[in-house]
Every structure is written in structure tokens, then in C-alpha cells.
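Any read-out appearing in this document is the output of simple, stated calculations on the displayed coordinates, not a laboratory observation. Bear in mind the structure is a predicted one, so any value in this text is a computation, not a measurement. Note that each Cβ is placed from the backbone with ideal geometry, even for glycine, and that neighbours are counted across all protein chains shown.
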Amino acid sequence: FLPKAKSTTMNPAIRAGRNGRRILHGQNHLCDFTRRRPAVPAHPPKLRALRSFSSKTPQDDTGENNDVADDSRNPAAHLPFPWYHVPHGRLFRLDDNNDLSGLPQTARARFIRKTLAARELGVPWYQIFLTGSWERDLAQNFTWAFRRATAALLSKTFRVPIDLIDIDDDGFGSVSIDTTTTKKTTGDEDEASEEMSEEDMEETNTLVQAMLEENLLALYQNLDPTKVRIKFKMQPMSCRFESSLVIPMFTRQQVKENPSLRGAYQKIEAEFVDSGSVQKVREMAEKLHKQAGSTGERALIAEVSIDCMESLQVYDAASGDLIQDGSFAVPGDGGEGCNEGETNEQQKMQPVQHLVRMEMVTSRSAEPGGRYLGSWQIIDCDDFLEGNVWH
């Protein structure tokens, strides 16, 4: 989220935050990186309805480009507040080990892709093969970025100062907002009555645009805060590295400037699978190199799953009717059905898993074999944009 770093050996942590402070939670032991979520016997209906995306590239059979944020093909765009909130749910493709690379999904192939990504970040070999600490650091920093980006998005959308939403306490912190009452958050009454100044709004807009890719941000552009009220809490509890991928020769920006490059990387792999012709693949690769030019830039994509305790209710501002609720608890039940010792609000907090997909551009450095690291940006969350694939 900040200007490119000029170190080729620095820890692959996210450089983000106000005043350029570098965030690293390398010593945080709240993450459980070995535990895997038990298999869910049956995916909830809402999960099945919202997550039944294909993993194809953002091109249809005619080869024409499609906008990945197109309302007609994106169910997220039709939600009052585009947010994936299905307790105990897990994306199908994680169970299928599908990283949307368009490449073979064998354990060996995925390990090679992960190793190449680690080396692109300047990770020493011993950390790749022995400690795996770079995966933990990356997962923890992605979790921090996800929380910060969520708070910034809520701040921008509902015009509440981000400092009243983003709670940077022990562990991974939390996010909390409530616009259903005159108080905008659960914070101090005097603080909760504060309105966003123009300076705060400008700073938040800058932060949101830096942290969220424009297609993802577009899902929230038409949300009118005067028509909906939201009650939302999220507390990240644990995280784990899922996958990574290095795209050589070209980047997302080059695809925007030259749409004919869209899907070119996956087309090469598809050709090899279909024909097995090394000569044909070489010709396609050379053509891609000529189209993209020799910029020396590469794209690095990584995914992390984040387990949160979360509650979400969205209400119609005029009628007060509940129009979006992903939790199992029934809002306004007066506490009925709560476990002993739990309040109604605590009962609504449910375990939710989010999949965060981030992207960075790297470029040549002056040192032989070295790379300048760019800034991470969230390009998709929970496959609302089918991975926001461009390669």
C-alpha cells in the first residue's frame, strides 16, 4: 500500500498503514496454522447459492472480454451489502485445491508455484524448506490488511470515522459498526457522535483505493448509506496460507492497457494440455513476450483463509425491516435460544471463514537476480469476483 521497497531480502510482510508504518505480527501466536476446519457435512443453502461460481477466465466462449464486476453475472452485486457471511461455510474450490491459476493442481505443481512466489519475495531457502515462517508472516499480515481494509470500506461507505470502527487491540484486532441507532459505533458516546471531516474522508478514500482493487471496490460504489442501516462485528481469530502464484512477463495494468493480453497465460497452459506440443507453446510464449514487451515486471498473487467470529445484520432505513442476515440467530428474539450465560448479541457471533486474494507487482532491481517489491492490494474476497482473474 506504500511506494515500492528497495530491499530484496526483507521479510514478505505487508507494508501498510497510516504514515507508512510497516506492520509485522511475526511473534503473534493467536494464529493456529496447523488446524484445519472439520469437514462440514452439508454446505448451507446460502453458501451453495452464492459460491457456485466457475473457475474460468474472465472471457466467455466467444473470446470477448467480460467485466468481472458485471451485475448480470455477479450475485454479490445484488446483495444490500455485498458481503459473504455464511457460518461454518467454506469455498468449494479450497477443498478441491483450486488456486485459479489455470495450471495443474497436483501437490507437486502447487509446491513449485509456492516456492517460486517465496523466491520472488526474497525468502531464504531455509525458510521455504525448513521453517515455513514466511507463510505464517504473510498470513498474519494479510489478516491485518483484511481487517484494516474492511474498516476503511465501512468508513467510506457509511461515513463513520475509521478510528471508531477499526479496533487495534490484542491479537488481530476487530471491526465494529452500528448505524441502526443514533450512535454510529459501540464506542464512547462523545466519540460516537463525531462526523467525518473532509480531511478524514479524503484520507479514508485514499486508503480504500490503495487497499482494494477497482473491480472489487466497484461492488460497493452504488450503496446508499441513507437507505440501509448496518450492524456488523468481525474479529479475526486465526489464519492460514492457501496458495501463491507468480505471473511472468505481464501484469494487470498491462492487460488494462492492452485487453488482447487477457487470459494469455492460461491459454498457453490450455494449449499444452490439449495438444502437448512444446513447439506450439513456445510460439505462444514468444508472441506473448512481444505483446507484453520487456518491462521486467511480474505479478505475484497469494491467498490466505481467515477464520473470524462475526455478526452481520442489514436493515432497510425506511421500514426498519431486516433485509440481510447471514447468522443462525434470529435478530430481535429477546435472547430466546441463547446458551446459558450468553447475551443475544454474543449468540449472533458466528464462525465465518473468509478467503482473501491479494496481488503485488514486482520489478527488476539493480542487483543481479534481485527484485523490487511493490505493494499488496486485495483483488478479491470470497470469490465475489471469481478470483478477479486476468492472466
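Per-structure values
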{"read-out": "Net lengthening on full extension, residue 131/residue 260 (0.36 nm per residue, minus Cα-Cα)", "value": "42.3 nm"}
{"read-out": "FRET efficiency for residue 291 and residue 112, using Cβ-Cβ distance with R0 set to 25 Å, rounded to 0.05", "value": "0.45"}
{"read-out": "Over 31 Å between alpha carbons, listed pairs 233/256; 114/233; 256/348; 114/290", "value": "233/256; 114/233; 256/348"}
{"read-out": "Karplus-derived 3J(HN,Hα), 6.51/-1.76/1.60, for each residue of the range 105-121, Hz, glycine and proline x", "value": "9, 5, 4, 5, 5, 5, 5, 4, 4, 5, 5, 4, 5, 4, 5, 4, 7"}
{"read-out": "Ranked packing of 231-238, 94-101, 355-362, most packed first, by mean Cβ within 10 Å", "value": "355-362, 231-238, 94-101"}
{"read-out": "Residue 180-residue 88 FRET efficiency (beta carbon distance; Förster radius 30 Å; 0.05 resolution)", "value": "0.70"}
{"read-out": "Karplus-derived HN-Hα couplings along the range 372-377 (A = 6.51, B = -1.76, C = 1.60, θ = phi - 60°), whole Hz, x at Gly and Pro", "value": "7, 8, x, 10, 6, 9"}
{"read-out": "The range 159-180 residues near the modelled residue 205 label - backbone nitrogen below 14 Å, point 7 Å along Cα→Cβ", "value": "159"}
{"read-out": "Amide H contacts under 5 Å for residue 242, placed H, 5+ residues apart", "value": "303, 304, 305"}
